[in-house]
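Worksheet: the structure to be examined is printed underneath.
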Protein chains: 2
Amino acid sequence: MGKKIQLGTKILSANEEYARQNSGLLRERGKYCLNMISSPGSGKTSILTQTITNLKGKLRIGVIEGDIQTQLDAERIRATNAPAVQINTNGSCHLSAAQVRWALAQLPLDEIDVVFVENVGNLVCPSAFDLGEDGKVVVLSVAEGDDKPAKYPAIFSKSRVLLINKIDLLASGGIDFDTDRVKTDTRRLNRDIEIFCVSARTGQGMENWYNWLINAAKKTS
Amino acid sequence: MGKKIQLGTKILSANEEYARQNSGLLRERGKYCLNMISSPGSGKTSILTQTITNLKGKLRIGVIEGDIQTQLDAERIRATNAPAVQINTNGSCHLSAAQVRWALAQLPLDEIDVVFVENVGNLVCPSAFDLGEDGKVVVLSVAEGDDKPAKYPAIFSKSRVLLINKIDLLASGGIDFDTDRVKTDTRRLNRDIEIFCVSARTGQGMENWYNWLINAAKKTS
C-alpha cells in the first residue's frame, strides 16, 4: 500500500504541475476556464450548445471535449460554429492537465473569451484531477436521483456551480426528485456553491446560468 | 509511463487472484453471481428491490452494495428483507475483488441463491475489475441518451445483459432516445448480449428479465 500511495502522489504532482502551467497560460491570456463534470448523459454537451448559441455576440466560447471514444460531442459543438478540440482518452476515466495543455494549444484563444472543458462522463474520478481551470461545474440530471450529493460528495464539495438539469422532466410526474434535498445536501458540503435549476432542452432557468457566466467571465478578462 | 503501466498490471493481477478465489467459492457453494454496473442514478438499486420483491418464493437474493459513501442503498435493499452488505469505498471509483471477498464472508450464503454485486455508480472504471462474478449486467437509463454504447464501449462489450431502464419516461415525449440505435451499437460490440427494455418503476418489461435470471441461476445450482 505504501508504494501505491507514493505513486499516486507522484502522478497527482505531475498533473498539478501541468495544471499550474495551464492556469498560468489562461491567466496571461485573460481567459476564463470552467471544467464541467457529471455522470454520462446528464446533459453537459446540450448545456454547452445552448449556452454557446444563446450567448452569441455576448461571449465567445471554445470547448475542449473529453471522451473515451468518438468525436460525437465535438461535432455537436462545431455545429454551433464554436471551436472545439476533441480528446479521446482511449479508456481512461478522466482528463489530465497534460491533455488539456495540448488542447489549449490547438484552440484559437484570440477568438475566445471562455474555455469550457467537458470532462469524461464520470461523477467520481475527474474530481481528483485539477486541469488548471478557474472553477468546476457539476451537472446533475433530475433523472439521476436526489441522493447523489450524499453518495458522491467529492465533486459537489469542490464545484463552483451546480446545474440541476432536465427539470422539464419533473412535470411528467414519472420522477421522484426532491430539489430541496439536493440543495441542502450540497450546501452542507459547500456553502459557497451557486445552484441553478435548468433545462437545456426547454431553456427553462438557463437565463440565470448565462448571467452568472457572463459576470464570472468579466471578472477575468 | 513504463512504471505506471507495470504497477497497473500488478494491481490487476492481485485483483484477478482475489477474483479467482471469489469465483471458486461461489462455484463450490453453487451460487450465481452478477455484477451490476452503470452510471450513478440509472436505477440499479430500484431494479434490485423490484427483482427481490417479485421473485420472493422463487429465488433468494443477497446483495453486496458498493458505494463511495453512505449506507443508503443497503438500507433500501434491507427494507425488502433481503440480506445486504454495504461496502464504502471512501473515494475509490470501483469495487475490488478483495472487498467482495470480505463481503461474501458476511452474507448468509446458505440462504441465498443469487448474489448481486451493485458496483459504484461509474460507467467506466468498474468494467476493468473482475470480481469473480458469473456475468456483468450493465444498466442504461433512457435519460442518459442513446449514444452511450458508442461513447463507453468497454462495459457494453463485456456484459452478459443490458437493461435499458426507465422506459416509462419515453411516453412523456421529453426524451430523445432511439432504442434501436442502442441495440445496434451494443450488438456490434457484443453479439451475445441479452437486452431487456424495462421500467423498475412501473414494472414494464421486468417479467422478461426475471425469467432470464431464474433460468440463468438454475444452470448454476
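Please treat every number below as a calculation from the coordinates, not as lab data. Only a predicted model underlies this, so the values are computations on that prediction, with no experimental measurement involved. Backbone-built Cβ (ideal geometry, glycine too); neighbour counts: all protein chains shown.
Close contacts from the range B:73-84, counting a first residue that is more than 15 Å from B:Lys44 (Cα to Cα) and a second that is among the acidic types (Asp, Glu), with Cβ to Cβ under 9 Å and a gap of 6+ residues or different chains, come to B:Pro83/B:Glu111. Listed conditions (1) buried (at least 20 other Cβ atoms within 10 Å of the Cβ); (2) more than 9 Å from chain B (Cβ to nearest Cβ); (3) part of a helix (DSSP H, G or I) are all met by A:Ser157, apart from (1). Quick one: would you say A:Leu123 is in contact (Cβ under 8 Å) with a residue 40 or more places away in the chain, crowded, with 24+ Cβ neighbours inside 10 Å, in contact with a Pro (Cβ under 9 Å, 6 or more places away or on another chain) and not aromatic (Phe, Trp, Tyr)? Answer is yes for this residue.
Residues are listed down the side, and each one gets a yes or a no for (1) part of a loop (DSSP other than H, G, I, E, B); (2) within 25 Å of B:Asn119 (Cα to Cα); (3) out of contact with any helix residue (DSSP H, G or I) (no Cβ under 6 Å at 6 or more places or on another chain):
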residue	(1), (2), (3)
A:Gly91	yes, yes, yes
A:Ala98	no, no, no
A:Ala103	no, no, yes
A:Leu131	yes, no, no
A:Leu140	no, yes, no
A:Ala150	no, yes, no
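When the residues of the range A:109-150 are filtered to those that are over 14 Å from A:Ser39 (Cβ atoms) and of a type in the set (Gly, Ala, Ser), which remaining residue is nearest to the other protein chains (Cβ to nearest Cβ)? The qualifying residue nearest to the other protein chains (Cβ to nearest Cβ) is A:Ala150. If we keep just the residues of the range A:75-96 that are surrounded by fewer than 19 Cβ atoms within 10 Å (Cβ to Cβ) and of a type in the set (Ser, Thr, Tyr), which is farthest from A:Ser39 (Cα to Cα)? That would be A:Thr80.
Residues that are buried (at least 22 other Cβ atoms within 10 Å of the Cβ) and in a helix (DSSP H, G or I) occur in the range A:57-73; there is at least one. Scan the range B:160-183 and tell me whether some residue there is under 20 Å from B:Val124 (Cβ atoms), within 12 Å of chain A (Cβ to nearest Cβ), buried (at least 19 other Cβ atoms within 10 Å of the Cβ) and among the charged types (D, E, K, R). Checked the range B:160-183: no residue is under 20 Å from B:Val124 (Cβ atoms), within 12 Å of chain A (Cβ to nearest Cβ), buried (at least 19 other Cβ atoms within 10 Å of the Cβ) and among the charged types (D, E, K, R).
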